[in-house]
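Notes follow once the structure below has been shown.
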Amino acid sequence: MTIKFYLRHFNVADVIKDIHAGIIQVPEFMSNNFSWKEREILSFLELYYSGLHTSNIVLITTRSQYNSLPRVNKSKTPEFEIPARRFSRNISRTGIMHPVNKPVKKADHENIYYIVDGYHRLQCLYLAWYGMYERKNIYFNISALNEPRFCFLTSAENKAKQ
């Protein structure tokens with residue numbers, strides 16, 4: 001058995017795109033509960049945006065690889081399927097609501113990556129782009145100087161602020 005470690009740097013837009021496409025998934029053995037509340041989500045986004053926090057995540061893949069030994073008849077290493085779910089676009093205080101978050105089949109993509117560490121951080125970033133928490137979107141205040149740059153607002157609250 002060969003274990004390979006790779007250190008890759010991804011920009012946030014590519015990671016969010018991969019999550020949205022289902023290339024990065026959450027293994028079922030991980031908790032189904034997203035335990036962060038509004039305060040933790042906003043704090044993480046503030047730290048991340050300010051550059052004070054770099055987010056390290058650990059992903060694994062089960063893609064098949066060929067043995068690197070020089071043999072005439074190379075055999076394929078076994079491929080494993082890990083039961084997984086997609087990241088959620090909608091989260092409430094009672095937990096994740098993912099009625100249509102079916103896993104993407106491996107045939108749809110060459111590699112599927114499963115998150116081992118960094119689930120809450122990636123879920124926060126995904127919520128900031130595509131999701132809602134307690135039926136509120138995350139908004140970024142571009143003119144904020146001495147106040148928080150991120151906040152949760154309903155669409156009605158956002159219209160009232162404009």
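The values are calculated or read from the model by the stated rules, or taken from the named source; none is laboratory data. In this text, all values refer to a predicted model and were calculated from it rather than measured experimentally. Every residue, glycine among them, receives a Cβ derived from its backbone with ideal geometry; neighbour counts consider all protein chains shown. SASA here: full protein model, heavy atoms, side chains in, ligands and nucleic acids out. Shrake-Rupley method; radii C 1.70, N 1.55, O 1.52, S 1.80 Å.
Some points to look at:
- Contact map, region 35-50: first residue surrounded by fewer than 18 Cβ atoms within 10 Å (Cβ to Cβ), second residue of a type in the set (Asp, Glu), Cβ cut-off under 9 Å, separation 6 or more or different chains; pairs are Glu38/Glu134.
- Considering residues of region 15-34 that are among the charged types (D, E, K, R) and open to solvent by 60 Å² or more (accessible area, probe 1.4 Å) only, the residue modelled with the lowest pLDDT: Glu28
- Pairs with Cβ under 8 Å, 6+ apart, first in region 147-162 and at pLDDT 85 or above, second among the hydroxyl-bearing types (Ser, Thr, Tyr) and open to solvent by 70 Å² or more (accessible area, probe 1.4 Å): Arg149/Tyr49; Phe150/Tyr49
- Output for region 14-30, where each listed residue is of a type in the set (A, V, I, L, M) and part of a helix (DSSP H, G or I): Val15, Ile16, Ile19, Ala21
- Counted residues, region 107-162 - those being of a type in the set (D, E, K, R) and in contact with a Ser or Thr (Cβ under 8 Å, 6 or more places away or on another chain): 4
- Residue among Ser68, Ser143, Ser88 that alone is at pLDDT 80 or above, polar (S, T, N, Q), assigned to a loop (DSSP other than H, G, I, E, B) and surrounded by fewer than 10 Cβ atoms within 10 Å (Cβ to Cβ): Ser143
- Failed condition for Lys106, given (1) open to solvent by 40 Å² or more (accessible area, probe 1.4 Å); (2) at pLDDT below 70; (3) not aliphatic (A, V, I, L, M): (1)
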